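What follows is one structure encoded as structure tokens, with my remarks underneath.
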Amino acid sequence: MITLQNIEKVYRTSSIETLALNNININIRKGEFVSIMGPSGCGKSTLLNIMGLLDEPSKGNVAIDGQLVKSYRDKELAALRNQKIGLIFQSFHLINDLSVLDNVEIPLLYRSRNGGSASGKSRLDHAKEALEKVGLSNRTKHFPRQLSGGQKQRVAIARAIVGNPEIILADEPTGNLDSVMGNEIMSILQGLNNDGATIIMVTHDESMAKKTDRLIRLFDGTQVGDSVLRAGGAGP
Ligand code: ADP
Ligand code: ADP
């Protein structure tokens, strides 16, 4: 599903060069739930951004479903990203002056502006359906400030899944939550994975990582571990 070959990422600022990723080779299979762990600054977010087609590697190849990402034009790449990938962040990244329902509709608005056909009614239905999946049907008219952290993250998950992406990338989705809410979020992610989504999650929390299928460890930009925790995933 996602193949990374010999990935290197160097950040260059005026005077400093940081080797953020060094010769990374990873193949994520369809339907896998993968966690990525490692100390702060080891390259986890950089790796996730490259997998999410938000950032380009300095060297190496990224392929999605066997197709080299390099071969896409910018516009095709944006469409691919919008269609295939849902993103979840530690700090939720909700828009504070939009209602819960409006926040969840955002990816569909973007899609319809770029040639998609979703009508207002169908966007609304899809957004409601996504909120139902995360158990927030009773909060559609609320605003983010009126929600708990766990509820905000559930809205962010609804926004990530509203377009039915095959891949969900989560950067420390439970990092700002207490363990009860964190476990709730993990259950939702596990449910989405059981329904077929491929999920890649960065986490600092060993107990969350243990609930996934596979644990990749990074240290200082290098992959130092890749262990299968349970059978997961369905194919290449
Ligand atoms: P992690 O997510 O594991 O904390 P990051 O991927 O954010 O690590 O960062 C890896 C390394 O790259 C760090 O040394 C960080 O300071 C550096 N880095 C990340 N993003 C940038 C950037 N945009 N410009 C310069 N250096 C960066
Ligand atoms: P979140 O909490 O929402 O996951 P982060 O705090 O991890 O966000 O990172 C926010 C953004 O800053 C990311 O896009 C990440 O790539 C970027 N970033 C991380 N470290 C650095 C750095 N040292 N220099 C510049 N940008 C960075």
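Before moving on, here are some points about what is shown:
- Hits in region 160-208 - residues which are farther than 20 Å from L136 by Cα, within 16 Å of ligand 1 (Cβ to nearest atom) and either buried (at least 20 other Cβ atoms within 10 Å of the Cβ) or within 13 Å of the chain's Cα centre (by Cα) (or both): L169, D171, E172, I200, M201, V202, T203, M208
- Of all residues making up region 16-35, the number that are buried (at least 21 other Cβ atoms within 10 Å of the Cβ) and either within 18 Å of H204 (Cβ to Cβ) or near ligand 2 (Cβ under 10 Å from one of its atoms) (or both): 4
- Elements of type helices (runs of 4 or more DSSP H) in region 148-236, at least 1 residues being at pLDDT 95 or above and touching a Phe, Trp or Tyr at 6+ places or on another chain (Cβ under 6 Å): 149-161, 179-194
- Among residues of region 52-62, those that are among the hydrophobic types (A, V, I, L, M, F, W, C), away from ligand 2 (no atom under 16 Å from the Cβ) and open to solvent by 50 Å² or more (accessible area, probe 1.4 Å), counted: 0
- Test: residue in region 71-84 that is in contact (Cβ under 8 Å) with a residue 12 or more places away in the chain and among the hydroxyl-bearing types (S, T, Y): no
Yes/no matrix, rows are residues, columns are (1) open to solvent by 90 Å² or more (accessible area, probe 1.4 Å); (2) within 16 Å of ligand 1 (Cβ to nearest atom); (3) within 20 Å of the chain's Cα centre (by Cα):
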{"position": "V10", "(1), (2), (3)": "no, yes, no"}
{"position": "S14", "(1), (2), (3)": "yes, yes, no"}
{"position": "M37", "(1), (2), (3)": "no, yes, yes"}
{"position": "L47", "(1), (2), (3)": "no, yes, yes"}
{"position": "I50", "(1), (2), (3)": "no, yes, yes"}
{"position": "I64", "(1), (2), (3)": "no, no, yes"}
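- When region 66-109 is filtered for residues that are exposed (fewer than 14 other Cβ atoms within 10 Å of the Cβ), touching a strand residue (DSSP E or B) at 6+ places or on another chain (Cβ under 9 Å) and outside any loop (DSSP other than H, G, I, E, B), the ones remaining, listed by number, are L68, K70.
- Contact map, region 85-104: first residue among the β-branched types (V, I, T), second residue within 16 Å of ligand 1 (Cβ to nearest atom), Cβ cut-off under 6 Å, separation 6 or more or different chains; pairs are I85/G52; I88/A170; I88/P173.
The values are calculated or read from the model by the stated rules, or taken from the named source; none is laboratory data. Since we're looking at a predicted model, the values are computed, not measured. Cβ sites come from the backbone with ideal geometry, for glycine too, and all protein chains shown count toward neighbours. We work out accessible area using only protein heavy atoms, side chains counted, and drop any ligands, DNA or RNA first. Shrake-Rupley method; radii C 1.70, N 1.55, O 1.52, S 1.80 Å.
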